[in-house]
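Have a look at the structure below before the remarks.
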Amino acid sequence: MQAIRLRKYQFNHKSFVAIVDDCDCPLDPFVSAYLSTFACQSFNTQLRKAVELTFVLKHFAKNGIDLPTRMASGQFVSEREYLQFYDASCLQKDSIDNNAVSLQKISDKTLRNIITANQKSMAKVSNETLQGRVRRFREYCIWLFEHFHDLYGVDKVLSNKFHKLISRIKLDEEGIGGNRLQRVADPTESVIPDDVFARLLEMILPSSPNNPFTGSKVRNYLIVSVLYQTGIRRGALAKLKISDCHFSGSFDQISIYRSGGDPTDPRLDKPNQKTKAHLATVSPVLMRQIKFYIDHHRANTPKQQLHDFIFISEKNSRGTVGQPISLKSINTIFQKLSDALQFHIHPHLLRHKWNEIFDKEGELQGVDYKLLEDIRKYAMGWSESSIMTQTYNDKRLAQKAKDISLAHQKRVDSQ
């Protein structure tokens, strides 16, 4: 079986993704053409879909199945072959590539089965990953089918056979998404418990004895502070420029916007703002701290003058000193904080925490809930038609339902 791997590259300051063979040549013209259909999407979205497709291609190549040939011939994929793919999609890549476990010294067959079953259980991927793999297989099959067959002149038997397969896959795909909603959360439960959040805010202070970092303490403090004060995404933070900070007037505004393929950004995985442009508000104290960092920390770092991005690499372990901080480096910061807190925390969790704080403050100020949701949509960069606010509405409604039920029970018990 030929090697199948993902390749990221840049051309004219724009990032691209390809699936190549062991000679670094495009794996297949159909694969390349399919990947090109994502060209207008963000690079991170292109990368995610390419990773999913790579998994699909590796699985079927390993089993001697060429999907373009199958789709062209009308043989498609059998129920058994699809179920094998689904089963493999449930597992981590490493568990698939290295599933030969030496159990020669264990003679009891039942014990071997228990251990193997437990290893598979431990290696299961998240619902989102599983759903993405299944969706990518379905959409690639549809794309191939439409390429090889005239949709208006295709044989009815062939068409019915194909749509039966696609319907089967889509049913599984939608069922996976539903699994995420099976857990009923306590409406009073915070995404980050208040005591953990308080420890995080204390720990991240550059002067804190609990700070887990040996260097870049000021930069890391600002990264966490900007995220929890604004609720912006990791990508929006990584692309912040000095010119985006309003160092005048009320001294508390930062411009958040999409910039597409920024030619001044040397990063291969270029970050971007995912949603609408808006102004994010931070405290004037934090804004002064950002200005101090720019003038006294960033300014003294080599090669920082080559670009305008605020947060930069301060170490030169890979020759990246002075370059804009990578998304991977931001993840590493939060992994270290998670280890120190003994609580898993990531950038997007601070976005959810921001929304919780926003809800509480809005209620304290007596803001009408409809106006509150309009303000939330603006602050989060969501469109007016976005249904994302429903997540927070549901939590608020659940809390109100709980309060009313408790009040009713108290009245009944007192009679």
>> Given the criterion in contact with a His (Cβ under 8 Å, 6 or more places away or on another chain) and of a type in the set (S, T, N, Q), identify the matching residue among SER216, SER255, SER243.
In response: SER255
> In the range 34-53, which residue that is free of Cβ contacts under 8 Å to residues at least 60 places away in the same chain and in contact with a helix residue (DSSP H, G or I) (Cβ under 9 Å, 6 or more places away or on another chain) is farthest from GLU128 (Cα to Cα)?
Replying inline: ALA39
>> Going residue by residue through the range 250-261, is there one that turns out to be touching a Phe, Trp or Tyr at 6+ places or on another chain (Cβ under 9 Å) and either in a loop (DSSP other than H, G, I, E, B) or not polar (S, T, N, Q) (or both)?
In response: yes
> Which residues, counting only those in the range 7-34, are aromatic (Phe, Trp, Tyr) and either modelled with pLDDT of 85 or more or touching a Lys or Arg at 6+ places or on another chain (Cβ under 6 Å) (or both)?
Replying inline: TYR9, PHE16, PHE30, TYR34
>> Cβ contacts < 6 Å: first residue within 18 Å of LEU205 (Cα to Cα), restricted to the range 334-355; second residue in a helix (DSSP H, G or I) and of a type in the set (Phe, Trp, Tyr), any location; separation 6+ or different chain. Result?
In response: ILE345/PHE334; HIS346/PHE334; LEU350/TYR228
>> Whether any residue in the range 336-359 is within 25 Å of ALA379 (Cβ to Cβ), among the β-branched types (Val, Ile, Thr), within 26 Å of the chain's Cα centre (by Cα) and not assigned by TED's automatic domain parsing to the domain that holds SER255 is what I want to check.
In response: yes
>> Anything in the range 71-108 that is of a type in the set (Ser, Thr, Tyr), buried (at least 17 other Cβ atoms within 10 Å of the Cβ) and either part of a loop (DSSP other than H, G, I, E, B) or modelled with pLDDT under 90 (or both)? List them, or say none.
In response: SER95
> Which number in (1) assigned to a loop (DSSP other than H, G, I, E, B); (2) among the small types (Gly, Ala, Ser); (3) under 23 Å from SER255 (Cβ atoms) marks the one condition that SER317 misses?
Replying inline: (3)
> Mind checking which residues of the range 337-389 are on the phi > 0 side of the Ramachandran plot and either touching a Ser or Thr at 6+ places or on another chain (Cβ under 7 Å) or not in a loop (DSSP other than H, G, I, E, B) (or both)?
Replying inline: GLY381
>> Report every pair of residues separated by at least 6 positions or lying on different chains whose Cβ atoms are under 6 Å apart, first residue within the range 246-275 and within 21 Å of GLN304 (Cβ to Cβ), second assigned to a strand (DSSP E or B) and among the aliphatic types (A, V, I, L, M).
In response: ILE254/ALA280
>> Suppose we keep only residues that are in contact with a strand residue (DSSP E or B) (Cβ under 8 Å, 6 or more places away or on another chain) and free of Cβ contacts under 8 Å to residues at least 40 places away in the same chain within the range 299-311. Which one would you say is surrounded by the fewest Cβ atoms within 10 Å (Cβ to Cβ)?
In response: THR301
> Only one residue in SER283, SER313 is in the same structural domain as SER255 (by TED's automatic domain parsing), touching a helix residue (DSSP H, G or I) at 6+ places or on another chain (Cβ under 9 Å) and over 21 Å from ARG267 (Cα atoms), so which one is that?
Replying inline: SER283
> Quick check, is SER329 over 27 Å from GLY215 (Cα atoms), free of Cβ contacts under 8 Å to residues at least 60 places away in the same chain and among the small types (Gly, Ala, Ser)?
Replying inline: no
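The values are calculated or read from the model by the stated rules, or taken from the named source; none is laboratory data. None of the values given here were measured: they were computed from a predicted structure. Cβ coordinates were reconstructed from backbone atoms using ideal geometry, including for glycine residues, and neighbour counts include every protein chain displayed.
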